[in-house]
Each structure stands twice: as structure tokens, then as C-alpha cells.
Amino acid sequence: MPHQKAFPRAWLAVLTGAFLFFIAVSPALALAQQPALELRIEAVRGTGWDDTRPPADGWTPVTLPDSWAGRWPGFDGVVWYRLTWDQPAQVAEMGLLLHYLNMAGAVSLNGSPISRDDSLVEPLTRAWNSPRYWLLAPPLLQAGRNTLLIRVSGLHAYQAGLGPVSLGTPAAMQAEYAHERVLRHDLQMLGLAVSAAVSAFFAALWLLRRRETAYGWFALMSVLWLLFGYNQIATSPWPFASNHSWQALNTSLLLLFSVSYVVFALRFCGRRMPRLESLALLVAVAGVLDLWLAGSANLVTHRALWTLVGGLTIIAVNSASLVHAVRHRSSPMRSLAPFMALSAVTGAHDLLVFTQVIDSNIYYTTMSSYGLLLGMALTQAARFVQSLERIENFNTELIEEVNAAKAELAATLAQQHALELAHARIGERVNLASDLHDGLGGMLVGSIATLERKPENLSAPELLAMLKRLRDDLRLIIEATGRHDGARAFGELLAPLRHRTSQLLDANGIDCRWQVSNIETLELPPSQSLDLLRFLQEALTNVLKHSAGRRVDVAVMRAGAELQLNVRDDGRGFVVDGADKGAGAGLRSLRARARRLGADLQLHSQPGKTQLVLRMPLA
Amino acid sequence: MSTSQSEAVSLSPTLVVENDPAMQERLLYILSMLGCDEPEITWVESGDLAMELLETRRFGVALVDVGLPEGSGVELIDWLQAHHPQVPAVAISASRTEEVIFSALRAGAVAYLLKERDDLELSIGLRSIEQGGAPIDASIARRVLAWHAEHASDPAAEPDAALTPRERKMLELVVQGRSHSDIAETFSAPRLEVERRTKGIYKKLALGSRETAHAAGEYFSPR
């Protein structure tokens with residue numbers, strides 16, 4: 001399928017984008033580290049949380065970024081940083097960039113406050129990820145010596161200290177500030193918003209399709225990550241009264257996230273590993289309990305330990321997913337693999353930052369995790385498209401199948417119809433056969449019997465008449481059944497008899513007039529047609545042999561649901577009542593035929609006018 | 001109606017190609033009733049013998065049984081048409097199968113007679129033939145109409161072989177089973193005119209067939 005080929009390209013584009021992003025970020029970081037002016041930096045410990053001015057003595061030179069935990073282990077409280085520099089007289093204004101301070105702080109320049117965070121005592125304002133920028137100008141900025149005093153309230157457990165401070169042209173500093181702001185705040189914010197939207201989407205997906213547990217776990221995982229990532233932009237430990245609780249929560253969230261990440265990865269690959277899952281959950285729960293029960297004094301080590309556990313778990317999941325993607329061609333992880341790889345790299349980086357192996361406090365995992373979200377969204381889109389195509393194909397297949405079924409049905413019906421037709425024909429043949437037996441057979445049997453009983457009394461003409469009757473009947477049978485497979489209209493079957501009898505009567509000086517109406521399309525069963533033809537033939541034979549008339553009128557017509565045969569001659573007539581007993585064998589058989597046809601036969605005879613009327617109801 | 005089509009046929013001398021003794025006897029009786037006495041009748045039992053005889057003697061008419069073995073009756077009629085067109089051939093058929101009668105007519109028979117008919121009917125038919133006419137039945141009329149309908153658009157068809165509207169109308173009436181006198185009344189013409197017209201139709205059929213056969217290169221040579 002074409003779209004499957006298209007998607008790796010999409011992954012490639014995303015990967016390239018992420019790569020370019022890092023390329024763009026790195027030089028900016030390098031630039032930020034270069035101080036624009038020669039700064040002298042010193043620090044001193046304050047005596048209490050509520051200090052308003054620094055102690056006079058005890059200043060020690062430090063380098064930025066500074067984390068005081070190494071110098072003053074276990075110190076929670078206020079540390080003052082003094083940055084002094086010599087300002088050339090000709091410079092009118094300067095840009096000052098403070099990358100971060102940890103946690104809360106106040107800044108003054110030459111004794112004038114220029115910034116103060118909300119809360120300088122617990123719950124401390126969480127300003128650790130907020131870069132600050134000031135435009136310094138006279139009279140605040142003095143020619144010659146300038147002193148920037150930074151008061152930092154911090155907790156030793158959380159890398160308390162001061163980040164890099166840059167002085168330079170306002171334009172350069174502002175640009176750097178904007179860069180820092182994007183990295184530390186805007187992107188995090190964007191990531192959180194995306195994360196919220198995607199987790200809502202996958203949560204809805206899971207709610208509507210509970211079977212897709214992977215999506216449920218993904219939603220849960222995203223929410224946990226969202227809460228964890230909120231740390232990056234939170235400016236207060238609310239709802240907690242202390243930063244210790246906040247940090248405990250934060251690490252707990254990381255642990256819970258790592259567990260749901262494990263489960264998600266397994267579900268996404270369509271796997272269940274109850275033991276591993278339980279173990280992960282057990283570890284996470286243990287971690288959470290430990291974090292909340294550990295005293296603030298021990299929190300640092302406990303937090304580091306559990307953060308490490310969480311981080312390593314995430315890296316393990318990423319690696320395992322990559323291995324799965326490489327090993328299994330059909331692995332659903334294949335589409336997520338690039339994001340997993342990115343996540344693994346940033347995870348490792350952030351872990352190194354956390355453990356202060358890398359001297360930075362910028363964490364990328366939160367951002368790279370949005371790549372994972374994007375990957376999930378794309379995977380989902382791909383699956384959706386695939387499903388749509390499957391549905392479309394299914395529709396096509398369905399239509400084809402329906403058509404095939406229809407054709408089959410039509411064929412079956414046609415076959416059935418043909419069979420019924422064949423049956424009907426066979427039925428007709430059977431009818432005809434019995435008809436032959438009754439009619440022609442009867443005549444033969446009668447003739448044979450007559451010949452056997454009194455051959456001496458039978459004259460040649462009588463014998464001839466007998467044979468001719470047989471021949472005529474045979475002819476009618478042939479005409480009525482014919483060589484035609486299809487049914488024929490009675491009007492057509494009638495034509496040969498009409499033609500022949502007319503010619504014969506004509507030759508015998510009897511004027512024969514026919515009136516045929518409304519039977520051109522009348523179709524009757526062959527046996528019925530045959531009986532009607534026989535009836536007419538006998539009636540006309542009687543006229544020819546016995547009437548001594550000059551004219552005969554024959555009418556065959558259909559009127560409504562009735563077929564009417566009417567034979568009228570101007571011959572000498574006969575006595576109707578006596579005719580059956582006497583020589584009129586013809587009349588007897590006419591009555592017999594009428595009965596067989598289920599028709600009504602009426603005879604009227606008087607000299608000069610003899611009329612036969614047969615009325616047959618049509619089915 | 002042109003009288004050129006309605007040449008009378010002399011029933012004597014008559015050549016009868018018939019291998020059935022009973023039929024020979026019947027024909028002898030019927031012919032004698034029509035004034036053709038026995039010395040005027042020559043009997044042969046096969047087409048080959050008939051051909052030999054026809055090469056040497058003149059006959060007024062040849063009555064050919066189309067039921068002779070191996071279809072030699074129809075072949076003889078065809079040969080006769082090709083070599084001695086002045087001798088009219090009348091097909092005598094035992095079978096009522098239109099196929100045989102129709103092929104005899106296409107081969108050039110001027111008329112046909114059915115053995116199954118009464119002597120009276122045969123003699124009426126022969127009388128009609130003698131007067132330049134020909135009998136016809138509904139089934140043959142239907143067949144002729146169908147043949148013309150099929151060959152109407154044939155580019156090889158001889159224009160002279162096409163049916164006139166009047167002829168067509170007449171055949172349609174025959175198909176309906178109308179008798180010759182009935183048809184004659186419809187056309188306000190003597191009955192004989194109808195029968196002569198029938199003969200004309202048969203001639204057109206033979207003409208058309210011959211043209212078609214030539215066009216198709218199927219015309220078979222006589223033995």
C-alpha cells in the first residue's frame with residue numbers, strides 16, 4: 001500500500017526537524033556562556049531567611065553557574081551574590097541577562113531593587129527556570145564601579161545557587177533572553193498544551209474503544225507526563241506548603257509515569273507481561289512511599305535514587321522498543337522508533353544533567369516527549385487511514401460479493417426457470433402421451449375391435465373412413481404439438497386446419513367462411529389446443545359428410561375469459577336428441593371433447609340451419 | 001399480374017420419379033383422372049435414371065419424390081433446373097417437414113404435393129399446377145416470408161427475386177389459414193390468379209436462392 005511507503009518519509013522529516021532544532025539550540029547556548037564584560041563574582045551566606053541586607057564579611061569568590069551545595073553542604077537559607085564590574089563611561093546602557101536563580105530571589109543594582117520574587121521564604125517561589133532580563137541605564141547604571149546584588153533563597157537539596165549572568169549590549173542580551181525564554185518557558189508551555197490535547201484525544205479514543213488499552217495507557221502516561229512537566233513552568237509549590245513536598249510529588253509522578261510507559265509500550269506491541277508490570281508498579285509504589293516518608297534531610301539522596309530509577313526505566317523502555325522495532329518487521333514500534341530513539345538520547349542527557357555530570361539545568365526530555373506524542377498522533381493517523389482503506393476495500397469487496405451473489409442467484413433462478421419450463425414441457429408430453437392413448441389409441445383399439453368382431457360387415461369405404469380419421473388425428477397431433485419448442489398462439493395452430501378444411505370444403509362445393517378474432521396471442525396447453533382442433537375438424541367433417549349444405553360459417557373468437565367456437569351450416573340438419581344414438585358417432589365424440597375441455601356445448605339443428613356452439617372458459 | 005409467369009404445365013408426357021409402389025399406383029389413378037393416361041407416364045425409381053432419361057426424351061412435367069434416398073430428389077430438381085429448365089419439376093413429399101419442401105422449392109420446383117393428402121386434394125393441386133398455378137400451405141408460406149425477411153438486406157439479392165407488397169400480403173393471408181378462394185375474394189381476383197401468383201413466388205424463391213448460392217460460392221454441381 002502506498003501510504004505505508006510514505007510514512008517513513010514523514011518520520012524522516014520529523015527526525016530531521018528535531019535534529020535541526022538541536023543544531024540551532026546548541027550554538028546559542030555556547031554564545032550565552034560568554035560573559036560580555038569582566039565580572040567579579042562573590043558569594044556570602046546570609047544569617048536568616050528574612051535577611052534584608054548581606055553580611056559585611058565572609059564573601060568568597062565563586063564562578064557561575066554556582067550551586068552552593070558543594071561549598072556549604074546542607075545549607076538551606078539565603079545566599080547573597082555580589083557581581084561587580086567596571087562600567088566604561090561612554091556606554092549609555094547595558095543589557096543584563098540572569099539565566100536563572102534557584103529558587104527565589106531579589107536583585108538590586110547599586111543599592112536600588114530591580115526585581116523581587118513573590119515569596120522569599122517557604123513556600124518559596126519556584127524561579128529556577130525563569131530567565132530574567134533588564135535594561136540597565138543611568139542613573140541606575142553608573143560609570144565606573146557597579147554592583148549587582150542578588151539575594152537567593154534556596155534549598156541545598158535542589159541545586160540551590162545562581163545561574164550564568166551575562167552583561168552586554170541590550171540587543172544581544174535581549175536576543176539571548178528571548179532564546180532562553182523560548183527554551184525554558186514557551187516551548188515547555190507549548191509542549192504541555194500539546195500534551196494536554198493529545199492525552200485528551202487518546203483518553204477519548206480509549207473511552208470509546210476500551211479494547212484499545214494501549215491508548216488508555218498512553219493517555220494516562222501523557223497526563224502523568226503533563227503533571228511532571230508542569231514542574232518546568234510552575235512558579236510556586238502550590239498546593240504544597242514546601243518545596244520538599246513538591247519535589248516528592250514530582251519524582252513520584254516520574255515513577256508513575258515510567259510504570260505507565262512500560263505498560264503502554266507492552267500494550268502497544270500487543271503484549272502482556274503481568275510479572276514485569278507488577279514489579280514495575282511495586283517499585284513505583286515503593287518509590288512513592290519512600291519519597292513521602294523520607295525526611296527532608298534524606299530527600300536529596302532518595303530523590304536522586306528514584307529519579308534515576310524512573311529515568312533508567314524510561315531509557316530501558318525506549319531501548320527495548322527500539323530492539324523490538326528492529327527485530328520484528330511488523331512491530332508497531334517501528335513507527336515510534338525514531339521518537340523513542342530521540343527520547344532515549346534526551347533521557348540520557350537529562351539524567352546526566354540531573355546528576356550534574358553535565359553542567360546545565362536545561363532539560364530536553366519534556367520537549368522530546370512531545371515528539372513521542374507527535375509520533376503517536378501520526379501512527380494513529382496512519383492507522384486511521386489504513387482502516388479507512390480497509391473499509392473502502394471491504395466495501396468494494398462487499399459490492400463485488402453482492403454482485404457475484406446476485407449473478408449466482410440470477411443464474412440459479414434462470415436455471416430454475418429453465419427446469420420449470422422443462423418440467424412443464426415434460427408435463428405436456430405426458431399429457432400428450434395420455435392424449436394419444438385416449439384419442440388415437442382409442443380409435444385404433446375401436447377400429448381393431450370392429451375389424452376383429454365383424455370384418456365381413458365392414459365395407460371398404462368404412463375401413464377407409466376409419467383410417468382417414470386416424471390419419472387426420474395424427475396430423476392434428478403433429479400440428480398442435482409441432483416441432484416448435486416454444487408455445488404457439490392458438491391462432492397459429494389453427495391456420496393449417498383452417499386452410500386445409502377450407503380447401504377441402506371448397507373442392508366439395510361448400511363455401512367455407514371463417515371468422516377468427518382475438519386469438520392471435522392466446523396460448524393454450526398443447527393438449528387443450530389439440531382437443532379444440534379435433535373438435536373443429538370433426539364438426540367440419542360432419543358438415544362435409546352429412547350436411548349436404550352449400551355454406552358453412554366458422555367462428556373462433558375470444559371474448560373476455562371465454563373462447564367460443566361456432567360452426568353453422570345451411571344443410572339439412574338432424575334431430576339433436578336422436579343423433580347421439582344413431583349414426584352420429586361424430587356428435588358423441590364432439591360431446592366427449594367438450595367435456596374434456598370443460599366447455600359447454602350447445603347444438604341447434606333444423607333444416608337449413610344447424611349450429612354448434614362451444615364455450616370454453618379460459619383459465 | 002403478368003401472364004408470363006403463369007405458363008401452363010402439360011401433364012403429358014409425365015416423368016414420375018418415385019420408388020414407392022403404392023404411391024405410384026395413387027399417382028397413376030390421380031393422373032388418369034386428370035386425363036393423363038398410362039402410356040404418357042414414365043416411371044423411374046432413382047434420380048440417376050431420371051437424368052439419363054431426361055437427356056434423351058422430352059417431358060411436360062417431372063413429379064419428383066423428394067424423399068428418395070440420400071436427398072437425390074432435391075438434387076435432381078436442382079439438376080433439372082440447371083440443364084432442362086423447360087421441364088417443370090413438382091416435388092412430392094411424404095414428410096411434412098418444411099425443410100425438405102422448402103429446399104426443393106429453392107432448388108427450382110414449381111410446386112409441391114403432400115402424399116398425406118387425400119387423392120381429391122392431390123388432384124386439385126395437380127389441376128392447379130396444370131393451369132399454371134401452385135398450391136401452398138400456411139407453414140410453407142410462413143417459411144417463405146421468413147426467408148425473404150432474412151435476405152431482404154442481402155446485397156447479393158436479385159432485385160427480381162424480391163417479393164412485391166401484394167405477394168407479401170397474400171402470403172400473410174395464407175399464414176393466417178385463409179383458403180385460396182377466400183384470398184381471391186380479398187384481392188377481387190379469380191382463384192386461379194392466386195395460385196399462379198403462388199407459383200411466381202416459388203420462382204422468385206428459386207431465383208433468389210440461386211443468386212445467393214452463387215454469391216456464396218456454394219452452388220454445387222450435379223453428379
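Points worth noting:
- Meets criteria (modelled with pLDDT of 90 or more and either facing another protein chain (nearest Cβ under 10 Å) or open to solvent by 10 Å² or more (accessible area, probe 1.4 Å) (or both)) for B:E158: no
- Residues (in contact with a Leu (Cβ under 9 Å, 6 or more places away or on another chain) and of a type in the set (K, R)) located in segment B:47-64: B:R57
- With respect to the conditions (1) closer than 19 Å to A:L255 by Cβ; (2) at pLDDT below 85, A:D359 lacks only one, and its number is (1).
- Among the residues making up segment B:76-108, those that are acidic (D, E) and within 14 Å of chain A (Cβ to nearest Cβ) are B:E98, B:E99.
Let's see how each residue does on (1) touching a residue at least 24 places away in the same chain (Cβ under 8 Å); (2) crowded, with 23+ Cβ neighbours inside 10 Å; (3) within 13 Å of chain B (Cβ to nearest Cβ):
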{"position": "A:A489", "(1), (2), (3)": "yes, no, yes"}
{"position": "A:A507", "(1), (2), (3)": "no, no, yes"}
{"position": "A:V516", "(1), (2), (3)": "yes, no, yes"}
{"position": "A:T521", "(1), (2), (3)": "yes, no, no"}
{"position": "A:L524", "(1), (2), (3)": "yes, no, no"}
{"position": "A:S547", "(1), (2), (3)": "yes, no, no"}
{"position": "A:V556", "(1), (2), (3)": "yes, yes, yes"}
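- A:D570 in contact with a strand residue (DSSP E or B) (Cβ under 6 Å, 6 or more places away or on another chain) and surrounded by 14 or more Cβ atoms within 10 Å (Cβ to Cβ): yes
- Qualifying residue in segment A:418-428 (condition: surrounded by 11 or more Cβ atoms within 10 Å (Cβ to Cβ) and either in contact (Cβ under 8 Å) with a residue 40 or more places away in the chain or within 30 Å of A:L205 (Cβ to Cβ) (or both)): yes
- Among the conditions (1) within 14 Å of another protein chain (Cβ to nearest Cβ); (2) part of a helix (DSSP H, G or I); (3) more than 21 Å from B:Y202 (Cα to Cα), B:E116 misses just one, which is (2).
- Within segment A:452-461, restricting attention to residues that are open to solvent by 80 Å² or more (accessible area, probe 1.4 Å) and not in a loop (DSSP other than H, G, I, E, B), the residue that is farthest from A:R593 (Cα to Cα) is A:E456.
- Flag for A:L464 being part of a helix (DSSP H, G or I), open to solvent by less than 60 Å² (accessible area, probe 1.4 Å) and within 14 Å of chain B (Cβ to nearest Cβ): no
- Total residues in segment A:239-253, condition open to solvent by 10 Å² or more (accessible area, probe 1.4 Å) and touching a Ser or Thr at 6+ places or on another chain (Cβ under 7 Å): 1
- Applying the condition of being in a helix (DSSP H, G or I) and surrounded by 22 or more Cβ atoms within 10 Å (Cβ to Cβ) to segment B:125-138 and asking which residue is nearest to the other protein chains (Cβ to nearest Cβ) yields B:A138.
- The strands (runs of 3 or more DSSP E) falling completely within segment A:60-116 that include 1 or more residues that are open to solvent by 10 Å² or more (accessible area, probe 1.4 Å) and without any contact (Cβ under 8 Å) to a residue 24 or more places away in the chain map to A:112-116.
- For segment B:179-201, the tally of residues that are surrounded by fewer than 24 Cβ atoms within 10 Å (Cβ to Cβ), hydroxyl-bearing (S, T, Y) and either within 11 Å of B:E167 (Cβ to Cβ) or within 14 Å of another protein chain (Cβ to nearest Cβ) (or both) stands at 2.
Here is a yes/no grid of residues against (1) crowded, with 21+ Cβ neighbours inside 10 Å; (2) not in a loop (DSSP other than H, G, I, E, B):
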{"residue": "A:T307", "(1), (2)": "yes, yes"}
{"residue": "A:I315", "(1), (2)": "no, yes"}
{"residue": "A:S330", "(1), (2)": "no, no"}
{"residue": "A:V345", "(1), (2)": "no, yes"}
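- Among the candidates A:A449, A:A433, A:A414, residue that is modelled with pLDDT of 80 or more, part of a helix (DSSP H, G or I) and among the hydrophobic types (A, V, I, L, M, F, W, C): A:A414
- Enumerated strands (runs of 3 or more DSSP E) restricted to segment B:1-93, each holding at least 1 residues that are acidic (D, E), crowded, with 20+ Cβ neighbours inside 10 Å and in contact (Cβ under 8 Å) with a residue 12 or more places away in the chain: B:61-65
The values are calculated or read from the model by the stated rules, or taken from the named source; none is laboratory data. This one's a predicted model, so the numbers in the text were calculated from it and none came from an experiment. Counting neighbours? That spans all protein chains shown, and the Cβs are built from the backbone with ideal geometry, glycine included. Note: accessible area is taken over every heavy atom of the protein model, side chains too, but ligands, DNA and RNA are not part of it. Shrake-Rupley method; radii C 1.70, N 1.55, O 1.52, S 1.80 Å.
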